[in-house]
Amino acid sequence: MRRALASVLVLATAACAQAPVRMPAAEASELLARFAAGSGGADVCTSEGRAVLRGAVRAYSAEMQANGVTWPMIPAMGGDPNALSSIDVSVLVAFAAGFVDASDFRGQARQLVGHLSFAQWPEIRSMRQAARVACSDVVELQQAAARFVLESERLREMAERAENARNSQRAVERLQRQSVRVERAQAQMQTMAAVVQARMNDAS
């Protein structure tokens, strides 16, 4: 009886879930950029918002595959960590939280995300469970993680340019200021991770 009831609940939930929204690749790219920046695009705490995000991931992934690119870039699976973009991180966190399905990706990425352990990002482990009890906090953590990666990427680029800079003193000062931004972004990510963990502990 319990098994039958559980099966009914699963089927009912699947029936209520909205199908991914179809959209052109250009629109998907813009939406994912806004999503990564935390400036809208999709409210993943609603079924409608998740359908929009999943549609964007599907369209963008299909476009990237058509151009011979495996997307998103997954560092633990042989990708270059320095090549990570804020969109990559946002989408991977969204997958970890259950906002995006493995079936939304194309090609090799579909298999790779299924084996993603997030060992390199301890702050976003158990995200799927956390999203059930603290969705808005998980979204803030996703945005904080994206900001951290973006600021880290900027620091790397500035460090490369500083090697050839004519005014080395000014370049060093810029690097120091950017290092502070990276530290702040990392602190914010860790703070939000602690908030999410606390919500999970309260719910358990």
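The values are calculated or read from the model by the stated rules, or taken from the named source; none is laboratory data. These numbers were taken from a predicted model, which means no experiment stands behind them. Every residue, glycine among them, receives a Cβ derived from its backbone with ideal geometry; neighbour counts consider all protein chains shown.
Computed quantities for the displayed model
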read-out	value
Contacts under 8 angstrom Cβ, first residue in the range 9-35 being within 14 Å of R58 (Cα to Cα), partner modelled with pLDDT of 95 or more and among the basic types (K, R), 6 or more apart	P20/R54; P20/R58; V21/R54; A28/R58
Residues of the range 166-181 classified as modelled with pLDDT of 90 or more and hydrophobic (A, V, I, L, M, F, W, C), total	2
Test: residue in the range 116-139 that is at positive phi and either surrounded by fewer than 21 Cβ atoms within 10 Å (Cβ to Cβ) or at pLDDT below 90 (or both)	yes
Filtered residues of the range 130-168 (kept if within 21 Å of V180 (Cα to Cα) and charged (D, E, K, R))	E140, R147, E151, E153, R154, R156, E157, E160, R161, E163
Test: residue in the range 98-106 that is modelled with pLDDT of 90 or more and within 19 Å of A193 (Cα to Cα)	yes
Pick from the range 166-194, criterion surrounded by 15 or more Cβ atoms within 10 Å (Cβ to Cβ) and among the hydrophobic types (A, V, I, L, M, F, W, C), ranking: farthest from D137 (Cα to Cα)	A171
Count of residues meeting criterion [touching a Ser or Thr at 6+ places or on another chain (Cβ under 9 Å) and of a type in the set (A, V, I, L, M, F, W, C)] in the range 151-198	5
Among (1) buried (at least 22 other Cβ atoms within 10 Å of the Cβ); (2) modelled with pLDDT under 90; (3) in contact with a Leu (Cβ under 8 Å, 6 or more places away or on another chain) - the single one P75 does not satisfy	(1)
Within the range 85-204, helices (runs of 4 or more DSSP H) holding 2 or more residues that are over 24 Å from Q65 (Cβ atoms)	127-133, 135-162, 168-203
